[in-house]
Amino acid sequence: MDLQMQTKASENSRLQSATSELRAETSRLQSQLGDAQARISSLEAALARATASLQEAQRGGEGYAALQTRFTTLVSEHDKLMVIHTSDQAMLAQLRSEAANFERLTADAAERTRELENKIVVITQDRDTA
């Protein structure tokens, strides 16, 4: 019985360690998710500034050619920002998926730990009554 209890305790310890590692990985992924969201916010702010600049240029009475040049530049910048934004959105979706997977694994490990703890209690009770 002692060997069985040691084996269960060892497995319990391993599962607790794995749970801690999964929580650390989840925390890292959530940090990356925050970074990606900050980049998206920054890109959206840059797009808003570009739009405001275009509106200001239109109000400023600049000639059609100057407006066309500025508009073309702004459209080009917008396209670049959208490529980055799309990439960030894909990364964000991937991070959310990975975080959900790690949360599921953490919950599974916690459940397995509870099962092992219950088995250890039963084994200990059986040994004490024997």
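Overview of values
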item: Computed lengthening from residue 31 to residue 56, 0.36 nm per intervening residue step minus Cα-Cα distance; result: 5.3 nm
item: Between 0 and 90°, nearest 10: helix 64-129 axis offset from the chain longest Cα axis; result: 10 degrees
item: Expected 222 nm ellipticity per residue - DSSP helices of 4 or more, -39500 (n - 2.57), all of the chain, to 500; result: -36000 deg cm²/dmol
item: Residue 42 - accessible surface, heavy atoms, 1.4 Å probe, Å² rounded to 10; result: 70 Å²
item: Per residue convex hull volume, Cα atoms of segment 2-130, in Å³; result: 79 Å³
item: The chain - percent relative contact order, Cα under 8 Å, separation 6 or more; result: 55 percent
item: Using alpha-carbon coordinates, inclination of helix 2-59 to the longest axis of the chain, degrees; result: 10 degrees
item: Cα radius of gyration and Dmax for segment 1-44 (Å); result: 19.0, 63
item: Sulfur and carbon atoms: percent of accessible area, the chain [1.4 Å]; result: 55 percent
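The values are calculated or read from the model by the stated rules, or taken from the named source; none is laboratory data. Bear in mind the structure is a predicted one, so any value in this text is a computation, not a measurement. Areas reflect the complete protein model, heavy atoms only, side chains present, ligands, DNA and RNA absent. Shrake-Rupley method; radii C 1.70, N 1.55, O 1.52, S 1.80 Å.
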